[in-house]
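Data first, discussion second: the structure below is written as structure tokens.
The values are calculated or read from the model by the stated rules, or taken from the named source; none is laboratory data. These numbers come from a predicted model, not from an experiment. Cβ atoms come from the backbone with ideal geometry, glycine included; neighbour counts cover every protein chain shown. SASA here: full protein model, heavy atoms, side chains in, ligands and nucleic acids out. Shrake-Rupley method; radii C 1.70, N 1.55, O 1.52, S 1.80 Å.
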Amino acid sequence: MQALDRRKVLIDEMQRLASEQKHCAACPGHCCTSVANSMQTTPIETQDVLNYLRESGRWNSDLKEQLKLNIEKFRLDHIPGNGRRNYLRKTYDCPFFAGKNLGCTIPKEVKPYGCLGFNPSEVNESEGKSCSSNQKILAEREESDPSENETNLRLTNLHSLWWDKLPLPLALLEAEKSGL
Ligand code: SF4
Ligand code: SF4
């Protein structure tokens, strides 16, 4: 499945909510900053973002330095446990958040699933109080592609990854280090 196909059900739901005025336009972006962001990505999600960054010419030394500083600032590489699922999630300012007016600079076609599945349920939400992760639709997405677990396993074995989910900045740098 292509990156967009794996996200279709989430994007459709986001668009449905937006058509009811349940969108992020009035919010300063709480879920993209350390106020509430603890996004982690799997190998395939990380690869989607990395491919986009490479293809769009954004994967350069400035961005990598920014990611390193972000990891340092939020101590994202101090990982309780062994990098496998269910360890404590740390909050951090997402380095791809460009502020209230520009918002997220990662296109929806390759955005982490958790970002797409987190939306407001009230009209013109501005404080994030009505926002939540739609577990039902995230599960529906997961079930729509049963081969995704195998793909993650294949990437893990092929590139000897020691992690199955990491905060996005760390995942990107670790992915490159492993030749993903
Ligand atoms: S990837 Fe985009 S939507 Fe997700 S936390 Fe970062 S800025 Fe926010
Ligand atoms: S999902 Fe909620 S907290 Fe996140 S930017 Fe949109 S309105 Fe704000």
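One table, with the values for the structure above:
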{"quantity": "Asp93/Arg16 FRET efficiency (R0 30 Å; Cβ-Cβ; nearest 0.05)", "calculated": "0.55"}
{"quantity": "With Cα atoms, 0 to 90° folded angle of helix 43-55 axis to the chain main axis", "calculated": "90"}
{"quantity": "Rounded to the nearest 10 Å², the accessible area of His23 at probe 1.4 Å", "calculated": "40"}
{"quantity": "Nearest-ten-degree value, helix 135-144 long axis tilted from longest Cα axis of the chain", "calculated": "50"}
{"quantity": "26 Å Cα-Cα reach of Lys129 towards lysines, excluding residues that sit fewer than 8 places from it in its own chain", "calculated": "Lys8, Lys22, Lys90, Lys100, Lys108, Lys111"}
{"quantity": "Probe 1.4 Å, accessible area per residue of the chain, Å²", "calculated": "54"}
{"quantity": "Charge tally in the Cβ shell below 13 Å around Cys32, where Lys, Arg are +1 and Asp, Glu are -1, Cys32 excluded", "calculated": "+1"}
{"quantity": "Carbon plus sulfur fraction of accessible area for the chain, probe 1.4 Å, in percent", "calculated": "51"}
{"quantity": "Cα-centred dipole magnitude for the chain, charges only on beta-carbon of K, R (+1) and D, E (-1), debye, nearest 20", "calculated": "380"}
{"quantity": "Relative contact order (%) - the chain, alpha-carbon pairs under 8 angstrom, separation at least six", "calculated": "39"}
